[in-house]
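The structure under discussion appears below in the form of structure tokens.
The values are calculated or read from the model by the stated rules, or taken from the named source; none is laboratory data. Keep in mind that this is a model prediction, so the values were computed, not measured. We place every Cβ from the backbone using ideal geometry, glycine too, and count neighbours over all the protein chains shown. Note: accessible area is taken over every heavy atom of the protein model, side chains too, but ligands, DNA and RNA are not part of it. Shrake-Rupley method; radii C 1.70, N 1.55, O 1.52, S 1.80 Å.
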Amino acid sequence: MVNKRVFIETYGCQMNVYDSEVVLSILGKEGFTPCGGIEEADLILVNTCSIRENAEQRVWGRLDRFLQEKKKRKVTVGVLGCMAERIRQELLSHPAVDIVAGPDTYRRLPELLRRLGAEGQKQIDTALSLKETYADIEPVRTDKNGVTSFISIMRGCNNMCTYCIVPYVRGGERSRDPRSIVKEAEKMYADGYREVNLLGQNVDSYLWKNPENPTESVNFAQLIELVALVAPDLRVRFSTSHPKDMSNGVLYSMAMYPNICTHIHLPVQSGSDRMLEKMNRKYTTAAYLERIAKIHEVVPEAAVTTDIIAGFCSETEEDHQATLELMRQVRFDSAFMFQYSQRPGTKAARHFADDVPPEVKTRRLNEIIELQSAISLERNHECIGQTYEVLIEGTSKRDSGSLFGRTSSNKVCVFPALGHRPGEYVNIKVESCTSATLLGNIV
Ligand code: 5AD
Ligand code: SF4
């Protein structure tokens, strides 16, 4: 067995972070150990994202940097993930790149490496799978805190939002065997982890059918209960929920189990029904608001966060105002906000003009960000004087005498350490806040 060092750089979403851990596990069996930087690595991997153009731009810059490294010494470079799937040939033509491997081909990495060694030719595999969930692979955790980590529960996406590249680069939706998910959560708990974050592009459509007994199935509401039962002090989070699919069952599970975290990430994308239709989101603002009302009814303390896209095709000032209005109505705890970025091959790119001028997109995005910051600050202000259970994740970046952690509703809390450690639960009384952080003391 070789004894080589691998460095993997990860861009994009939490799913990619998880996939990188899967890759490290597969390569670990081949004698690769993770190292701290590209300068030490025999194998440099970059796990890429295609969601917006700027995510891809950064990777091209990194490939040029890897090429410099390659000129100095012998090192293998592989590109993984969504860009590998989307623009395989272009990537393969880059002089730094030896291997291109799509999101469903990581089990073949050892073979691709062997072939590269034997044949001296660049290797590529970007086949998508209808089955692969990497269910049996135990990821090598790369998180630094040893307290919180991710578990992928499904792969791919069947939604076909018109702006989105994901279904093209990650293939069709498939759900992972719940027994392997529970087993992974149990292992993490035994290793000291106290929070698992269940990941899927649309967790509400999780549905596993037992291949040995087709009448037996597990849906998402049932899955979170199974994971919550692993241990009462193992927190369970999940993302991302889809407004068209989020069931009341999920809310009832959340209300029933204190260790299912009271946070729902429910991307709305726009507050204009015309835009939602054009995005193929399959809900109206009225239906979205109904889901929000139900969340408040069943889990009153739940926080709701969202994603918003500014400047989608043909978006008018009126559509934009409708988004701002919806934000004022819902008062999201926080949001990820983006300018629309046309992705080649998507339905929007093929059929709709990307006709909102860049400066208008930027201005609208800035208005959205400004409004959200004010709302986030107000929301956090409402927490002052309240006491929350916080799971400690680590030492505050700004102050080594302070710790940080999260409330069940996913708000970051910073407080003096007083001898406590990551992995412990403490009760924090909130004394002050910024728009992003609660500041308080242990009580
Ligand atoms: N342009 C801008 N934002 C996008 N998103 C997805 N596709 C695009 C795109 N083409 C955003 C959506 C999604 C989040 C993960 O990224 O808001 O919810
Ligand atoms: Fe994740 Fe989507 Fe980016 Fe792929 S394109 S890494 S699925 S955010």
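Applying 1/(1 + (r/R0)^6) with R0 = 25 Å to the Cβ-Cβ distance of N54 and A374, what FRET efficiency is obtained, to the nearest 0.05?
0.45
For the stretch 1-80, what is the accessible area per residue in Å² when the probe is 1.4 Å?
44 Å²
May I ask you to rank W60, W208 by accessible area, largest first, using a 1.4 Å probe over the protein chains only?
W60, W208
Just the projected area, averaged over all directions, of the convex hull on the alpha carbon atoms of the stretch 387-442: how many nm²?
If you wrap the Cα atoms of the stretch 387-442 in a convex hull and average its projections, you get 3.3 nm².
With Rg and the Kirkwood Rh both taken from Cα atoms, where does Rg over Rh land for the stretch 71-226?
1.02
State the extension gain, in nm to one decimal, for the chain segment bounded by L67 and E39, taking 0.36 nm per residue of separation less the distance between their alpha-carbons.
Computed gain between L67 and E39 is 8.9 nm.
Under 24 Å between alpha carbons, and skipping anything fewer than 8 positions from K429 in its own chain: which lysines qualify?
Candidates past the 8-residue exclusion: K397, K411.
Apply the Kirkwood formula to the stretch 219-281: the hydrodynamic radius equals the inverse of the mean of 1/r over all pairs of different alpha-carbon atoms; give it in Å with one decimal.
Hydrodynamic radius (Kirkwood, Cα pairs) of the stretch 219-281 is 12.9 Å.
Based solely on C-alpha atoms, express the radius of gyration and the Dmax of the chain in angstrom.
Cα radius of gyration and Dmax of the chain are 22.4, 66 Å respectively.
Could you compute how much accessible surface C82 exposes when probed at 1.4 Å, giving the result in Å² to the nearest 10?
Solvent-accessible area, nearest 10 Å²: 10 Å².
Report the far tail of the P(r) of the stretch 148-381, meaning the percent of Cα-Cα pairs longer than 24 Å.
In whole percent, the share of Cα-Cα pairs in the stretch 148-381 beyond 24 Å is 49.
Where the centre of each part is set by its Cα atoms, how far does the stretch 87-133 sit from the stretch 314-367, in angstrom?
Using only Cα atoms to place each centre, the spacing works out to 35 Å.
Based only on the alpha carbon positions, what is the Kirkwood hydrodynamic radius of the stretch 4-125, in angstrom?
Across the stretch 4-125, the inverse of the average 1/r is 14.1 Å.
Run down the lysines and flag those whose C-alpha is under 21 Å from the C-alpha of K74, throwing out any fewer than 8 positions away in its chain.
Excluding near neighbours in sequence, the set is K4, K122.
Which order do the peptides 49-59, 309-319, 162-172 come out in when sorted by mean C-beta neighbours inside 10 angstrom, highest first?
Result, highest mean Cβ count within 10 Å first: 162-172, 309-319, 49-59.
Classify the stretch 298-443: rounded, prolate or oblate, from the alpha-carbon gyration tensor (a ≥ b ≥ c, eigenvalue square roots; a/c under 1.5 rounded; otherwise prolate if a/b is larger than b/c)?
prolate
Add +1 for every Lys or Arg and -1 for every Asp or Glu among the other residues with Cβ under 11 Å from the Cβ of Q321, and state the total.
For residues surrounding Q321, the net value is -4.
How much of the accessible area of the chain, in percent, comes from carbon and sulfur atoms when a 1.4 Å probe is used?
Accessible surface attributable to carbon and sulfur in the chain totals 52 percent.
D42 accessible area, nearest 10 Å², 1.4 Å probe?
40 Å²
When only C-alpha pairs under 8 Å and at least 6 residues apart count, what is the relative contact order of the stretch 285-399, in percent?
30 percent
Describe numerically, in nm with one decimal, the distance between label points set 7 Å from Cα along Cα→Cβ at L418 and at R328.
4.1 nm
Can you tell me the relative contact order of the chain? Whole percent, Cα pairs under 8 Å, sequence separation 6 or more.
This gives 10 percent for the chain.
Give the lysines reachable from K282 as a straight Cα distance under 23 Å; neighbours fewer than 8 places away on the same chain don't count.
In chain and number order, the partners are K244, K294, K347.
When the solvent-accessible surface of protein heavy atoms is calculated with a 1.4 angstrom probe, in what order do H296, H381 fall, highest first?
Reading off the accessible areas and sorting them downward yields H381, H296.
Please give, to one decimal in nm, the separation of the simple spin-label points placed at E186 and K4, each 7 Å out from Cα toward the Cβ.
Distance between the two pseudo-spin positions: 3.6 nm.
Which value in nm describes the separation of the simple spin-label points at K347 and E138, placed 7 Å from the Cα toward the beta carbon?
Taking the simple label geometry, K347 and E138 are separated by 4.3 nm.
Going from most exposed to least, what order do M160, M275 have by accessible area with a 1.4 Å probe?
M160, M275
Might you list the cysteines of the chain that have no disulfide-compatible partner by the rule of another cysteine's Cβ under 4.7 Å?
C13, C35, C49, C82, C157, C261, C313, C383, C413, C433, each lacking another Cys Cβ under 4.7 Å.
Quick one: Cα centre-to-centre distance for the stretch 263-292 and the stretch 152-186, in angstrom?
First find each Cα centre; the distance between them is then 21 Å.
Distance from a point 7 Å along Cα→Cβ of T362 to each backbone N in the stretch 303-319: keep the residues under 18 Å and list them by number.
Inside the label zone: 310-312.
Grab the beta carbon distance between K397 and K209, set R0 = 56 Å, and tell me the FRET efficiency rounded to 0.05.
Efficiency, from the Cβ-Cβ distance: 0.80.
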